[in-house]
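Chemist: One structure is given below, represented as structure tokens, and several questions about it will come after.
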């Protein structure tokens, strides 16, 4: 299969996501989960934005490239920002973003926390660099389904996490 064919398929697979301007928290969580599932090579929970990427447009372009520029990755918060911010927004690997045209600036964690309607505990847990792929996708799927969830970590076992589920039952 040629790289043109691969790129065309990737663009088609993400066309609706890339065209979107406004998101509910559930829709955005589902979109980020789709990006991570279909392009796991672009997910790295230990970096906000890939080291060679300097704009939101560059992150989005990576979705259409079968061999993205070296270092083009993002964590959950990074992908929330990349899908939600204007394309001409500048980004850095430290998680900060700025847009001189709109005056918009901030950091990916706070931005993503607000976009996904998370409380501080949920955001700290979900955006931690220690999260596994399975944990990230589980949480994104809960958010996408509109399920209420809480994270507690008992002081006696700080590496043990209990996720409490509430909300609609399937």
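The values are calculated or read from the model by the stated rules, or taken from the named source; none is laboratory data. Given the structure is predicted, the values throughout are model-derived calculations rather than measurements. Cβ sites come from the backbone with ideal geometry, for glycine too, and all protein chains shown count toward neighbours.
Chemist: Quick check: is even one residue across the stretch 136-145 assigned to a loop (DSSP other than H, G, I, E, B) and touching a helix residue (DSSP H, G or I) at 6+ places or on another chain (Cβ under 8 Å)?
Modeler: Yes, the stretch 136-145 has at least one match.
Residue-by-condition table, conditions (1) outside any helix (DSSP H, G or I); (2) within 17 Å of residue 64 (Cβ to Cβ); (3) in contact with a helix residue (DSSP H, G or I) (Cβ under 8 Å, 6 or more places away or on another chain); (4) modelled with pLDDT of 90 or more:
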site	(1), (2), (3), (4)
18	no, yes, yes, no
23	yes, no, yes, yes
28	no, no, yes, yes
37	no, yes, yes, yes
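Chemist: Among the residues of the stretch 133-144 satisfying the criterion of being in contact (Cβ under 8 Å) with a residue 40 or more places away in the chain and closer than 12 Å to residue 45 by Cα, which is surrounded by the fewest Cβ atoms within 10 Å (Cβ to Cβ)?
Modeler: Taking the candidates together, the pick is 133.
Chemist: Taking the stretch 87-104, which residues are out of contact with any strand residue (DSSP E or B) (no Cβ under 6 Å at 6 or more places or on another chain), at pLDDT 85 or above and surrounded by 14 or more Cβ atoms within 10 Å (Cβ to Cβ)?
Modeler: 99
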